[in-house]
Amino acid sequence: MEKREELYRGKAKSVYKTDDADRLILLFRNDTSAFDGKRIEQLDRKGMVNNKFNAFIMQKLEAAGIPTQFDKLLADNEVLVKKLDMIPVECVVRNYAAGSLVKRLGVEEGLKLNPYTFELFLKDDAKGDPFINESHVVAFGWGTAEQLARMKELSLKVNDVLSKLFDDAGLLLVDFKLEFGVFSDGSIVLGDEFSPDGCRLWDKDTKKKMDKDRFRQGLGDVIEAYEEVAHRLGVPL
Ligand code: TMP
C-alpha cells in the first residue's frame, strides 16, 4: 500500500490518498483540540494511543456486526481505512447527562438518562457544531431519511456493545459521538474514530473523568488517563 498526497487535514488527524481508490490512510497526530478548535495543544503519545485504541474498538464493533471503516493498523500513528464519503453530521448517544446537555437543559451532571438519548449536530466548526434535528439533515441534503435511520440504528448498537465493554472494565460510558460515511457500494459505514477524545468515560466507583474532559477542564494527566483506560480494556499499546 503506497501513501500518496494529503487529502485533508483535520484538527487531530490527517487523511492521505493511497494507490487504491477505495482506501485511505489516517495519520493520528498529537494535536488535541477543544472548543471547536479554539484551543489546540500537543500531547505526547496521544496520536499513538488514540490510533491503537481506535483500532481495538473498531475491531470489537466489526465482530459485533457493525460495519466500520477500519482495515488494518500500519504503524504506531497510521491506520488503513475504507474510503468513505463522510456525512457531515455527528451522532451523539448519551447514557448520563454531561457536557452540552447539562448546559442546555440545566440538569445535574451524572443524571441517568432512561432510556439513552440520541442527538444530531452539524459538523461545522465555524458555526460551532450546531444542534440540529432529523428534518434538517434531509431538508439540506446532508443525508437521506434511510441513511439517517441506519445511522441511528448503528449508533444504538454501538452503545449496547460498548456500554458492556466499558462496564466490564469498571468504566461508565457516559456519552459518545460517531460519524458515518457512505462506502463505494452505497452502504453506511462507521468512520472517523472512537477514542477518549470523542466520548466521556467515568470510573464506575470514583466517577473520575478518564476522557477529553480532563483536557477541556484543565484537570491534567490527560494521556495518563487514556492509557489507563486502554490498559483496563486490554488494548496493546
Ligand atoms: P457535548 O456534550 O459537547 O455535546 O458532547 C457529547 C459527546 O460527543 C462528548 O463525548 C464529546 C463528543 N463530541 C465530540 O467528540 N466532538 C464534537 O464536535 C461534539 C459536538 C461532541
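Go through region 194-236 and give me each residue that's of a type in the set (Gly, Ala, Ser), part of a helix (DSSP H, G or I) and touching a residue at least 60 places away in the same chain (Cβ under 8 Å). Listed by number, the list holds a single entry, 230. Residues of region 19-50 that are of a type outside the set (Asp, Glu), within 13 Å of residue 81 (Cα to Cα) and in contact (Cβ under 8 Å) with a residue 60 or more places away in the chain: 21, 23, 26, 28. In region 156-177, the residues that are within 16 Å of the ligand (Cβ to nearest atom) reach residues that are open to solvent by 10 Å² or more (accessible area, probe 1.4 Å) and among the small types (Gly, Ala, Ser) with C-beta atoms within less than 7 angstrom, at least six apart or across chains, in these pairs: 173/163; 175/99; 176/198; 177/198. Residues in region 134-147 that are in a helix (DSSP H, G or I) and free of Cβ contacts under 8 Å to residues at least 24 places away in the same chain: 134, 135, 136, 138, 139, 145, 146.
Of the residues in region 99-129, how many are in a strand (DSSP E or B) and farther than 16 Å from residue 207 by Cα?
The number of residues fulfilling the criteria is 10.
Scanning region 209-233 for residues that are closer than 20 Å to residue 164 by Cα, away from the ligand (no atom under 16 Å from the Cβ) and touching a helix residue (DSSP H, G or I) at 6+ places or on another chain (Cβ under 8 Å) yields 227, 230, 233. Of all residues in region 118-133, none satisfies being free of Cβ contacts under 8 Å to residues at least 12 places away in the same chain, surrounded by fewer than 12 Cβ atoms within 10 Å (Cβ to Cβ) and away from the ligand (no atom under 16 Å from the Cβ).
Select from region 178-193 the residues that are over 12 Å from the mean Cα position of the chain (by Cα) and in contact (Cβ under 8 Å) with a residue 12 or more places away in the chain and list them in ascending order. Answer for region 178-193, where residues must be over 12 Å from the mean Cα position of the chain (by Cα) and in contact (Cβ under 8 Å) with a residue 12 or more places away in the chain: 181, 182, 183, 184, 187, 188, 189.
Residues in region 184-198 that are away from the ligand (no atom under 13 Å from the Cβ) and surrounded by 17 or more Cβ atoms within 10 Å (Cβ to Cβ): 188, 189, 190, 191.
The residues of region 67-102 that are among the β-branched types (Val, Ile, Thr) and surrounded by fewer than 20 Cβ atoms within 10 Å (Cβ to Cβ) amount to a single one, 102.
Scanning region 143-154 for residues that are within 15 Å of the ligand (Cβ to nearest atom) and surrounded by fewer than 21 Cβ atoms within 10 Å (Cβ to Cβ) turns up nothing.
The values are calculated or read from the model by the stated rules, or taken from the named source; none is laboratory data. Because the structure is a prediction, the values reported are computed rather than measured. Neighbour counts are summed over all protein chains in view; Cβ atoms, including those assigned to glycine, are modelled from backbone coordinates with ideal geometry. Note: accessible area is taken over every heavy atom of the protein model, side chains too, but ligands, DNA and RNA are not part of it. Shrake-Rupley method; radii C 1.70, N 1.55, O 1.52, S 1.80 Å.
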